[in-house]
Amino acid sequence: MKLVVAIDGEQSAQSALEYMLKEKYGQETKVHLVHVLVPGFADAKVMGIPDVVADEKKKEQAVLNHLAHELKKSLNINATTDIITGETADVIAQVCRKIGADQVIVPSHARQGFSRLWFGSVADEIVDAAPCTVVVLKMPQDKTAKSH
(Lines give C-alpha, C1' and ligand atoms only; values in the text may rest on other atoms or scores of the structure.)
Protein backbone atom coordinates (compact mmCIF):
# COMPACT_ATOMS: atom_id res chain seq x y z
CA MET A 1 0.00 0.00 0.00
CA LYS A 2 1.14 3.53 -0.76
CA LEU A 3 -0.04 6.07 1.77
CA VAL A 4 0.17 9.87 1.94
CA VAL A 5 -0.29 11.45 5.37
CA ALA A 6 -1.00 15.19 5.47
CA ILE A 7 0.41 16.68 8.67
CA ASP A 8 -0.33 20.11 10.12
CA GLY A 9 1.39 20.28 13.49
CA GLU A 10 1.96 17.97 16.42
CA GLN A 11 -1.69 17.23 17.14
CA SER A 12 -2.36 16.00 13.62
CA ALA A 13 0.83 13.91 13.68
CA GLN A 14 -0.26 12.29 16.95
CA SER A 15 -3.74 11.58 15.58
CA ALA A 16 -2.27 10.04 12.42
CA LEU A 17 0.11 7.88 14.45
CA GLU A 18 -2.69 6.64 16.73
CA TYR A 19 -4.84 5.81 13.69
CA MET A 20 -2.02 3.98 11.93
CA LEU A 21 -1.23 1.97 15.07
CA LYS A 22 -4.90 1.07 15.50
CA GLU A 23 -5.22 0.02 11.85
CA LYS A 24 -1.92 -1.91 12.07
CA TYR A 25 -0.40 -0.77 8.80
CA GLY A 26 2.33 -3.23 7.82
CA GLN A 27 5.99 -2.62 7.17
CA GLU A 28 5.35 -3.07 3.44
CA THR A 29 3.34 0.19 3.53
CA LYS A 30 5.09 3.02 1.72
CA VAL A 31 4.35 6.17 3.73
CA HIS A 32 4.96 9.73 2.57
CA LEU A 33 4.44 12.41 5.25
CA VAL A 34 3.61 15.85 3.85
CA HIS A 35 3.21 19.32 5.31
CA VAL A 36 1.91 22.05 3.02
CA LEU A 37 2.96 25.68 3.40
CA VAL A 38 0.24 27.92 2.03
CA PRO A 39 1.79 30.86 0.13
CA GLY A 40 1.15 34.30 1.54
CA PHE A 41 2.48 37.61 2.71
CA ALA A 42 5.02 35.98 5.03
CA ASP A 43 6.94 34.67 2.01
CA ALA A 44 8.56 38.07 1.45
CA LYS A 45 11.67 38.43 3.60
CA VAL A 46 12.11 41.80 5.29
CA MET A 47 15.26 42.90 7.11
CA GLY A 48 14.71 42.95 10.85
CA ILE A 49 11.54 40.83 10.70
CA PRO A 50 11.72 37.18 11.75
CA ASP A 51 11.50 34.72 8.86
CA VAL A 52 8.25 33.03 9.89
CA VAL A 53 8.25 30.73 6.87
CA ALA A 54 11.71 29.38 7.74
CA ASP A 55 10.59 29.00 11.36
CA GLU A 56 7.48 27.07 10.30
CA LYS A 57 9.50 24.83 7.98
CA LYS A 58 11.95 24.04 10.78
CA LYS A 59 9.15 23.32 13.28
CA GLU A 60 7.12 21.18 10.86
CA GLN A 61 10.20 19.26 9.67
CA ALA A 62 10.85 18.33 13.31
CA VAL A 63 7.22 17.10 13.59
CA LEU A 64 7.55 15.07 10.37
CA ASN A 65 10.89 13.60 11.49
CA HIS A 66 9.45 12.63 14.87
CA LEU A 67 6.45 10.92 13.25
CA ALA A 68 8.75 9.09 10.81
CA HIS A 69 10.83 7.91 13.77
CA GLU A 70 7.73 6.70 15.65
CA LEU A 71 6.48 4.81 12.57
CA LYS A 72 9.85 3.09 12.24
CA LYS A 73 9.94 2.24 15.94
CA SER A 74 6.32 1.10 16.27
CA LEU A 75 5.44 -0.43 12.89
CA ASN A 76 8.86 -0.88 11.23
CA ILE A 77 7.72 1.48 8.46
CA ASN A 78 10.23 3.69 6.68
CA ALA A 79 8.51 6.98 5.92
CA THR A 80 9.68 9.78 3.66
CA THR A 81 8.92 13.43 4.42
CA ASP A 82 8.24 16.51 2.35
CA ILE A 83 7.36 20.16 2.91
CA ILE A 84 5.78 21.73 -0.17
CA THR A 85 4.44 25.23 -0.82
CA GLY A 86 1.06 25.58 -2.54
CA GLU A 87 -2.66 25.29 -2.01
CA THR A 88 -3.15 22.38 0.38
CA ALA A 89 -5.74 20.28 -1.47
CA ASP A 90 -3.95 20.69 -4.82
CA VAL A 91 -0.56 19.77 -3.33
CA ILE A 92 -1.90 16.70 -1.55
CA ALA A 93 -3.70 15.53 -4.71
CA GLN A 94 -0.50 16.05 -6.75
CA VAL A 95 1.57 14.06 -4.26
CA CYS A 96 -1.02 11.25 -4.33
CA ARG A 97 -0.83 11.11 -8.12
CA LYS A 98 2.97 11.34 -8.15
CA ILE A 99 3.49 8.36 -5.84
CA GLY A 100 0.40 6.43 -6.95
CA ALA A 101 -1.15 6.57 -3.48
CA ASP A 102 -3.87 4.12 -2.53
CA GLN A 103 -4.95 6.24 0.42
CA VAL A 104 -4.41 9.64 2.02
CA ILE A 105 -4.91 10.43 5.70
CA VAL A 106 -5.84 14.03 6.56
CA PRO A 107 -6.59 15.77 9.84
CA SER A 108 -9.76 17.80 10.24
CA HIS A 109 -10.09 20.57 12.78
CA ALA A 110 -13.86 20.06 12.66
CA ARG A 111 -14.67 23.73 12.28
CA GLN A 112 -18.32 24.58 12.51
CA GLY A 113 -20.56 27.57 11.99
CA PHE A 114 -18.96 30.87 11.02
CA SER A 115 -15.42 29.52 11.34
CA ARG A 116 -16.15 26.81 8.75
CA LEU A 117 -17.89 29.33 6.50
CA TRP A 118 -14.97 31.77 6.74
CA PHE A 119 -12.04 29.35 6.58
CA GLY A 120 -13.72 26.51 4.68
CA SER A 121 -12.72 22.92 5.10
CA VAL A 122 -9.38 21.85 3.70
CA ALA A 123 -10.33 18.24 4.42
CA ASP A 124 -13.42 18.62 2.19
CA GLU A 125 -11.26 20.09 -0.56
CA ILE A 126 -8.82 17.17 -0.30
CA VAL A 127 -11.70 14.66 -0.47
CA ASP A 128 -12.80 16.33 -3.72
CA ALA A 129 -9.29 16.64 -5.23
CA ALA A 130 -7.56 13.39 -4.22
CA PRO A 131 -7.45 10.56 -6.77
CA CYS A 132 -7.61 7.91 -4.04
CA THR A 133 -9.43 6.97 -0.83
CA VAL A 134 -9.32 9.73 1.80
CA VAL A 135 -9.43 8.99 5.52
CA VAL A 136 -10.39 12.12 7.48
CA LEU A 137 -9.33 12.08 11.12
CA LYS A 138 -11.43 14.17 13.45
CA MET A 139 -9.04 16.11 15.65
CA PRO A 140 -9.71 16.38 19.38
CA GLN A 141 -11.44 19.63 20.28
CA ASP A 142 -9.57 22.25 22.32
CA LYS A 143 -11.10 21.95 25.79
CA THR A 144 -10.17 25.55 26.63
CA ALA A 145 -12.11 27.02 23.71
CA LYS A 146 -15.53 28.39 24.55
CA SER A 147 -18.38 27.45 22.23
CA HIS A 148 -21.03 30.00 21.47
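The values are calculated or read from the model by the stated rules, or taken from the named source; none is laboratory data. Because the structure is predicted, anything quoted here is derived from the model rather than measured. As a convention, Cβ positions derive from the backbone with ideal geometry for all residues, glycine included, and neighbour counts pool all protein chains shown. Each accessible area value is taken on the protein alone, full model and side chains, heavy atoms only, with ligands, DNA and RNA left out. Shrake-Rupley method; radii C 1.70, N 1.55, O 1.52, S 1.80 Å.
Computed values, structure above
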{"quantity": "Added length on full extension, which subtracts the Cα-Cα distance from 0.36 nm per residue, LYS22 to GLU10", "calculated": "2.5 nm"}
{"quantity": "Radius 11 Å from Cβ of ALA101, net charge of other residues (Lys, Arg +1; Asp, Glu -1)", "calculated": "+3"}
{"quantity": "Cβ-derived FRET efficiency at R0 30 Å, ILE99 paired with LYS59, nearest 0.05", "calculated": "0.75"}
{"quantity": "Ranked by how many other beta carbons lie within 10 Å on average, peptides 20-29, 70-79 from highest", "calculated": "70-79, 20-29"}
{"quantity": "Chain lengthening between THR133 and ASP82 when straightened (0.36 nm per residue, less Cα-Cα)", "calculated": "16.3 nm"}
{"quantity": "Candidate residues VAL134, VAL104, VAL122: accessible-area rank, largest first, probe 1.4 Å", "calculated": "VAL122, VAL134, VAL104"}
{"quantity": "Exposure ranking of GLU56, GLU18 by accessible area [1.4 Å probe, largest first]", "calculated": "GLU18, GLU56"}
{"quantity": "Probe 1.4 Å - accessible area at ILE99, Å² to nearest ten", "calculated": "50 Å²"}
